[in-house]
Amino acid sequence: MTASSGRRRLLRDSAIVAAGLLALLALESIVNSQAVQLRLIQSSGGLALADSVEGQAWPSPEGGLTVGGGAQSVAVARLSTVELDARRSYALILRAERGPGFVLEGLDEQNEIRVRFRIVGRTEALTRILPIESAVGAGSLSFRILNKWPTEVRIFDLSLHEVPWIARTLSPALRLAAPVLLALFVSVHRRRLLAHFKAPETAVDYVLAGLIFVLTFLIFDSGEVQQVVDHKYTTAVTHYLLREGTPSVPESLAPRGSVASRHQFRHQVDGRLHHYFYSAPMLLNAPFVWAYEKLGVSPIDPAGRFRRDHELRILKLVSTLLAALLCATLYGLGRAFAKPGVALALVAVFALGTQILSTISRPFWSHSWAVLLLGGGLALVSHPGLRESRLTMTLCATLLSWSFFCRAPMSLSIVAITVWLVAGKARHLGYYVGVGLAWLAAAIVHSQAVFGTYLPPYLLSSHNARVGAGAADGRYVDGVLGTLFSPGRGLFVFIPFLILVLWWVVRYWRKLEDRTLAACGLAVIAFHWQLVSILRHWWGGQSYGPRLFADVVPWWFVLAVLGVSVVLREARAWSGARRALVATTAALLVAASVFINVRGAFAREAWQWRSFDVPPAWAVEGREPLLEPGGLWNWRYPQFMGGLIEPTEGADSGRDDE
């Protein structure tokens, strides 16, 4: 290709990309317009919420509903109660006459606010679509309208509609198309862009990392499944840290006998309630909670009540942002050992086919912070040029220390990276060790001041009580096999392409670029496997797939980069038939991994594969629902097939009798 024809092709493709971006912007604007969304949502019919009215409201003669004015106190109109299906998405369509502002709330059976919409005053009639967050889940929802103004509020229509799949997917698909188009353009014209701008190749790496961040952020943000279980109320703890300088919360947040008092707030110090899973993420989330509170979105309302809907908004942004940053970080880690194309392809596979999508990007687990910090530390010290810097060693020690403060099993990775640095005779190890010890000392001082122990209970006593309990209960064999091969939690079942990665690393061991790093990675994965296997709850509780193996995702990525790089070099000498066989096998395993982990992020039926509202007698008898028939070892109804096939008879054994 001549220089002139190359320039013409670059200009032509630039014009096509520019036109494509404008077209996508116009299409998304049309799809998101009020008229189109109303047409799409109303096509599914709806349920009028004003058919059953109690309190200070009455039907209007002209149709609709009138809510009385709150002259002396807030007027409350109680509307219909509806049953939500976890497998569907919902939205409210509201039509109101001009008038004062009001509040529309949805409360669950425990009278906890699950959804809340503040409608501002209007000088003209209003029509709005109010989406109900998917994290609200299944169950009853009772709606009410609150009017604090003396003027009456007139509602023409308030109805609940199921959102059809096309309305849910069309807008995200158009948003995803823009960064994909840009990524293809940069990839195709990489060399010419470098020559034109006279930029080093690292400049393109930064551009690609940025595009990876944007694209993965949009993908993760589109996921419907929210997994706020153990870390519910974390933003409330952060709120009190910011306001009062203490991680304790008032007893009104978790009254005696409530679910929260038995789970999240079962730990007390000097009569004050502390979150049982207190760890570094509650400190690291502080900037996000502070920023949201400045915008009026606080996890604790002025009356001191917990706002779950606000917590979900905050944690969704945090987990999505951290997972996207992790993908960009993994690209930088991959570039230390492989070409841009290999690193980019593997980031795509890991972003969509591992726990990055099904666990780390879902709000909210402590893995989200811990794995990002570990990946950042690995990326820093993997580049020989960066490794020689005092600043790099200081940053690496800081990132690794905070990863441990998020999750105790990260201590295995810290030991492995330290061994690798010592074996490689890295410079400035004194800074690395000194900074790490300084952070540990600071953590001990903080924990002593708050809890009276040298580490928080979640990192100390809770793990000590559970480590080894699985072996004592005779569950060790179940744990060893189940963590790898069970249809409910097996690592190689949910991420089958890792089998190929492991085989390539073993098969081409002598040809790996950095065998010391590979050995450290294999050691961390092996020890982590054993650590998880001896836990009492080796399946990770209410989660999706091998959640507890999310801590070693960066190590699997390192092994994949090293192994794939060797395979690509070796493949040049293979026959065409062998190359086709290996490529087909790899493609099938990757496709299976992507399918399974996409289900974990987008299919609420898979997340709610088993009911966790088990019969009360089971708690007395000490029975574990996931170990019962139809649980973790049920090949006829694996977790990732939830919603695609009918449950087997045993799969419902954990549900309450109807």
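The values are calculated or read from the model by the stated rules, or taken from the named source; none is laboratory data. None of the values given here were measured: they were computed from a predicted structure. Neighbour counts are summed over all protein chains in view; Cβ atoms, including those assigned to glycine, are modelled from backbone coordinates with ideal geometry. The accessibility values were calculated without ligands, DNA or RNA, using every heavy atom of the protein model including side chains. Shrake-Rupley method; radii C 1.70, N 1.55, O 1.52, S 1.80 Å.
Can you tell me which residues in segment 581-603 are open to solvent by less than 20 Å² (accessible area, probe 1.4 Å), aliphatic (A, V, I, L, M) and part of a helix (DSSP H, G or I)? Write out each step before concluding.
Step one: filter segment 581-603 for residues open to solvent by less than 20 Å² (accessible area, probe 1.4 Å), giving 593, 596-597, 600-601, 603.
Next cut, aliphatic (A, V, I, L, M) only: 596, 601, 603.
Across segment 581-603, the qualifying residues are Ile596, Ala601.
Would you point out the residue of segment 364-374, among those that are open to solvent by less than 10 Å² (accessible area, probe 1.4 Å) and not aliphatic (A, V, I, L, M), that is modelled with the lowest pLDDT?
This residue is Phe364.
In the set His383, His367, which member is of a type outside the set (A, V, I, L, M), under 25 Å from Asp514 (Cα atoms) and out of contact with any Pro (no Cβ under 8 Å at 6 or more places or on another chain)? I'd like the intermediate steps shown before the answer.
Details: His367 fails: under 25 Å from Asp514 (Cα atoms).
The unique qualifying residue is His383.
Residues Trp402, Trp439: which one is assigned to a helix (DSSP H, G or I), of a type outside the set (Gly, Ala, Ser) and closer than 20 Å to Trp365 by Cβ?
Within the list Trp402, Trp439, the selection yields Trp402.
Let's see how each residue does on (1) within 16 Å of Thr359 (Cα to Cα); (2) at pLDDT below 95:
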{"position": "Ala471", "(1), (2)": "no, yes"}
{"position": "Pro487", "(1), (2)": "no, yes"}
{"position": "Phe494", "(1), (2)": "yes, no"}
{"position": "Asp514", "(1), (2)": "no, yes"}
{"position": "Phe527", "(1), (2)": "no, no"}
{"position": "Arg536", "(1), (2)": "no, yes"}
{"position": "Gly540", "(1), (2)": "yes, yes"}
{"position": "Ser543", "(1), (2)": "yes, yes"}
{"position": "Asp551", "(1), (2)": "yes, no"}
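Just checking, how many residues over segment 553-580 are touching a residue at least 24 places away in the same chain (Cβ under 8 Å), over 18 Å from Arg362 (Cβ atoms), of a type in the set (A, V, I, L, M, F, W, C) and open to solvent by less than 30 Å² (accessible area, probe 1.4 Å)?
11
Check Thr235 against each of (1) closer than 23 Å to Gln110 by Cβ; (2) open to solvent by 50 Å² or more (accessible area, probe 1.4 Å); (3) modelled with pLDDT of 80 or more and name the one condition it does not meet.
Of everything listed in (1) closer than 23 Å to Gln110 by Cβ; (2) open to solvent by 50 Å² or more (accessible area, probe 1.4 Å); (3) modelled with pLDDT of 80 or more, Thr235 misses just condition (2).
Leu391 - would you say it is open to solvent by 10 Å² or more (accessible area, probe 1.4 Å), under 27 Å from Val422 (Cα atoms) and not aromatic (Phe, Trp, Tyr)? Walk me through how you get there before you give the answer.
Working: open to solvent by 10 Å² or more (accessible area, probe 1.4 Å): yes; under 27 Å from Val422 (Cα atoms): yes; not aromatic (Phe, Trp, Tyr): yes.
Taking the combined requirement at face value, the residue satisfies it.
Take the residues in segment 158-169 that are surrounded by fewer than 17 Cβ atoms within 10 Å (Cβ to Cβ) and either part of a loop (DSSP other than H, G, I, E, B) or not hydroxyl-bearing (Ser, Thr, Tyr) (or both), then tell me which one is modelled with the lowest pLDDT.
Pass one, segment 158-169, residues surrounded by fewer than 17 Cβ atoms within 10 Å (Cβ to Cβ): 164-166, 169.
After this cut, where a residue has to be either part of a loop (DSSP other than H, G, I, E, B) or not hydroxyl-bearing (Ser, Thr, Tyr) (or both) as well, the list is 164-166.
Details: Pro164: 76, Trp165: 69, Ile166: 73.
That would be Trp165.
Let me spell it out: the conditions are (1) without any contact (Cβ under 8 Å) to a residue 40 or more places away in the chain; (2) farther than 30 Å from Ala603 by Cβ, and Leu373 meets all of them except one. Which number is the exception?
(2)
Would you please list the contacts, defined by Cβ atoms under 6 Å and residues six or more apart or on different chains, that run from a residue in segment 107-128 that is on the phi < 0 side of the Ramachandran plot and of a type in the set (Val, Ile, Thr) to a residue that is at pLDDT 75 or above and open to solvent by 30 Å² or more (accessible area, probe 1.4 Å)?
Thr123/Arg98; Thr127/Arg95
Inspect all residues belonging to segment 375-387 and state whether any of them is crowded, with 24+ Cβ neighbours inside 10 Å, of a type in the set (D, E, K, R) and assigned to a helix (DSSP H, G or I).
No: segment 375-387 contains no residue that is crowded, with 24+ Cβ neighbours inside 10 Å, of a type in the set (D, E, K, R) and assigned to a helix (DSSP H, G or I).
Working only within segment 76-97, note down all residues that are modelled with pLDDT under 80 and in contact with a strand residue (DSSP E or B) (Cβ under 9 Å, 6 or more places away or on another chain). Steps first, answer last, please.
Initial filter on segment 76-97 (modelled with pLDDT under 80): 85-89.
Selection gives Asp85, Ala86, Arg88, Ser89.
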